[in-house]
Amino acid sequence: MKNDKKKMERRQFLSSTGKALTGLGIAAGGGSLLAQDTQEAGSEGSKSFPTDDYDWTKHRWAYGIDATKCIGCLRCVEACKAENDVVGDAQHFRTWVERYVYLEGDEKVHVDSHADEQNIAASGSESEYRFDNRYKDKKVTKAFFVPKMCNHCAHPACVQVCPVGATFRAEDGTVLIDHDYCIGCRYCVQACPYGARFFMEEKGVSDKCTWCYHRITKGLMPACVEVCPTGTRVFGDLNDTSSPVSEFIRNNPVQVLKPESGNAPMCFYIGIDKDVS
Amino acid sequence: MPKHIRNLLLLLGGFLLVAYLAKIYLTDPSYYKYGYYRADAVPEIASGEPLYKGAGYWLECHPERQADWPTGNHKTVACQVCHGATVQCAEDGAMPKPADTIRLCTTCHLEMPARPARQPQIVLGDHPFPGEETPRCTTCHDPHSPENWVAGAIDTSADPQETVTEETPVKAPAAVSKCAKCHGKQGQGRGKNPPIAGLEPSVFVERMDMYIYGDRDSKIMERLARALNEQEIEELAEYYASLRAASDE
């Protein structure tokens, strides 16, 4: 008697669970059908995306930097800030320049960037940038400048960790941020191995270099490339073998920063040495 | 099944249903179109207005610059570098002139250990005459093509003499104005720059060679010596040897 009762309970349990699961399955199927409908409506036609004059499937952007030419004038930093309306203080920047100095008798390299306090004090202002001349009277054996920015990696760590899909890699190789979707968790700022991303406190979203997407989709160069007086920065389309960056990569032995991180960056450097990372 | 299990399962099922429907309703329709992101964001980002204007834009309204800037040494320096990154056309059509040229020019031209050697660099207080205060850069240099001197800025009385006089028995070669600026019209020296009049020609040539190969330490002399060819150096050596040394007087 007792056993019978238990068996009946078990059967009942299994059948009601089965019914519930079927019900959920039907709901899921119906829901996804709904979603598919909206998607198909959107991808109708073969209009060029994202703009009528620019088809992102036809370009593969890359950036080249010749660190042997950089004079550390920081015009790129100022031009980028003006072009992209970046926050005016020294700690928010989409691109920056680092100085590596080796002193005689010192094994460790000395690194400073334009956002270093001593340099800000030397320039006298948080929005005008200059490197100070602190190594003027020291015995310097080797020194050079290295400009840096978001590397727009092929396998970006920042895209992988974004919980809401606010940052993504576009089909033309640029990694972009959707400020409407960003929730400001700063996981991407943590994840980037190059420190290229930063948080904008006032807007509550993360930001970074976009290779001046609003310029390159119109056939212009990014602001930093246009302003650089020494030709350190080179930008172009890898699909075009005569573009400046294709020639840059073809004619020089290039390297990338932190290749071991697996991010596959698309900024190629000449003239950086072992301590640059 | 026991009521509490059934109720729990119903509750869970209810939550899942509500969550699923909310996701479908709240997700932007362009999401998933090209990947795990809102596809409409891309045209939004691409639609920004470019602010930074290239040289072509400025040269249209300032045609007088077409004569000197595009062929000068500053042809890679965009207008905004000196006139301001956010410069827009002023109402009277004039570009804002930078006030403190020493601060502006030394942004790129101050001697710094990390700067590559091919970049012309100066040390303040040493340029153009060692020991004398550096004057405003635009006193001597035309900002749009700095290799050209501003008219009247440089003492041109040291230019090559057309006639041969007792004081200058050898005709001065064209390149002598480069030396006279720092070593004096008679090669007598100026400030920290040593006199070069009366030097034996072989010594003169040897010293210039040492500057070229870096065996004598002077950035300015290295650059100037490299700018001369062999014939010019020999002619200068002849000329300065012919001048009486200051100690002979």
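The values are calculated or read from the model by the stated rules, or taken from the named source; none is laboratory data. What you see is a predicted model, and the numbers here were worked out from it, not measured in a lab. Cβ placement follows ideal geometry from the backbone for every residue including glycine, while neighbour counts extend to all protein chains displayed. Surface areas here come from the heavy atoms of the whole protein model, side chains and all, with no ligands, DNA or RNA. Shrake-Rupley method; radii C 1.70, N 1.55, O 1.52, S 1.80 Å.
Once Rh for region B:3-46 is found with the Kirkwood sum over Cα pairs, what is the Stokes-Einstein diffusion coefficient at 10 °C and 1.306 mPa s, in µm²/s?
The diffusion coefficient I find is 125 µm²/s.
Taking 1 over the mean of 1/r across every pair of different Cα atoms in the protein assembly as shown, what Kirkwood radius in Å do you get?
28.3
Looking only at A:PRO193, A:PRO253, A:PRO244, which one moves most when chain A is put into a Gaussian network model with springs between Cα atoms under 10 Å?
With Cα springs under 10 Å in chain A, the top fluctuation among A:PRO193, A:PRO253, A:PRO244 is at A:PRO253.
Magnitude of the Cβ-charge dipole of the protein assembly as shown, K/R +1 and D/E -1, about the Cα centre, nearest 20 debye?
My answer is approximately 3880 debye.
Please report, in Å, the Rg and the Dmax of region B:1-110, where both are computed over Cα atoms only.
Values for region B:1-110 (Cα only, Rg and Dmax): 30.2, 94 Å.
With a 1.4 Å probe and all protein chains left in place, how much accessible area per residue does the protein assembly as shown have, in Å²?
That works out to 56 Å² per residue.
Can you give the FRET efficiency for B:ILE220 and A:SER127, using 1/(1 + (r/R0)^6), R0 = 45 Å, r = Cβ-Cβ distance, to the nearest 0.05?
0.85
Note the full-extension length gain between B:GLU238 and B:HIS62 as 0.36 nm times their separation in residues minus their Cα-Cα distance, in nm to one decimal.
Result for the pair: 58.7 nm of gain on full extension.
Just want the answer: with Cβ charges of +1 for Lys and Arg and -1 for Asp and Glu, which residue in A:TRP96, A:ALA143, A:CYS70 is farthest toward the dipole's positive end in region A:50-277?
Looking along the dipole axis, the top candidate is A:ALA143.
Can you list residues whose amide H is under 5 Å from A:THR167's amide H, if they're 5+ apart or on another chain and H is modeled 1.01 Å from N?
Here the answer is A:ASP178, since their amide H atoms fall under 5 Å of that of A:THR167.
When the accessible area of region B:2-125 is computed with all protein chains present and a 1.4 Å probe, what percentage of it is carbon and sulfur?
Heavy-atom surface of region B:2-125 belonging to carbon and sulfur, 1.4 Å probe: 64 percent.
Given the convex hull of the Cα atoms of region A:90-197, what is a quarter of its surface area in nm²?
Average projection, Cα convex hull of region A:90-197: 8.8 nm².
Could you check the simple spin-label distance between B:ARG6 and A:GLU201, using points 7 Å along Cα→Cβ, in nm with one decimal?
Calculated label separation equals 5.7 nm.
Based on the Cβ-Cβ distance from B:LYS75 to B:TRP149, what FRET efficiency comes out when R0 is 22 Å, to the nearest 0.05?
Taking R0 as 22 Å, the efficiency between B:LYS75 and B:TRP149 is 0.75.
For A:THR51, put the label point 7 Å out on the Cα→Cβ axis and report which residues of region A:218-237 keep their amide N under 16 Å from it.
Answer for region A:218-237: A:218-223.
Between B:ILE102 and A:LEU24, what is the label-to-label distance in nm when each label sits 7 Å out along the Cα-to-Cβ direction?
7.8
Which of A:LYS148, A:LYS58, A:LYS69 ends up with the largest GNM mean-square fluctuation for chain A, with Cα atoms connected below 10 Å?
Largest GNM mean-square fluctuation: A:LYS58.
Using a 1.4 angstrom probe on the protein heavy atoms only, line up B:MET112, B:MET210 by accessible area, largest first.
B:MET210, B:MET112
Hull surface divided by four, with the convex hull built on the Cα atoms of chain A: how many nm²?
Its average projected convex-hull area is 23.5 nm².
Once both labels are modelled 7 Å past Cα along the beta-carbon direction, what's the A:PHE13-A:HIS155 spacing in nm?
Placing both labels 7 Å beyond Cα along the Cβ direction yields 4.6 nm.
Using only the alpha-carbon atoms of region A:19-162 as identical scatterers, what base-10 log of I(q)/I(0) does the Debye formula give at q = 0.15, 0.21 Å⁻¹?
-0.94, -1.30
When the C-alpha atoms of region B:55-139 are aligned to their principal axes, what extent does each axis show, in angstrom, from largest down?
42, 25, 23
For the peptides A:104-114, A:220-230, what is the packing order when you average, over each peptide's residues, the other Cβ atoms within 10 Å and list the highest mean first?
A:220-230, A:104-114
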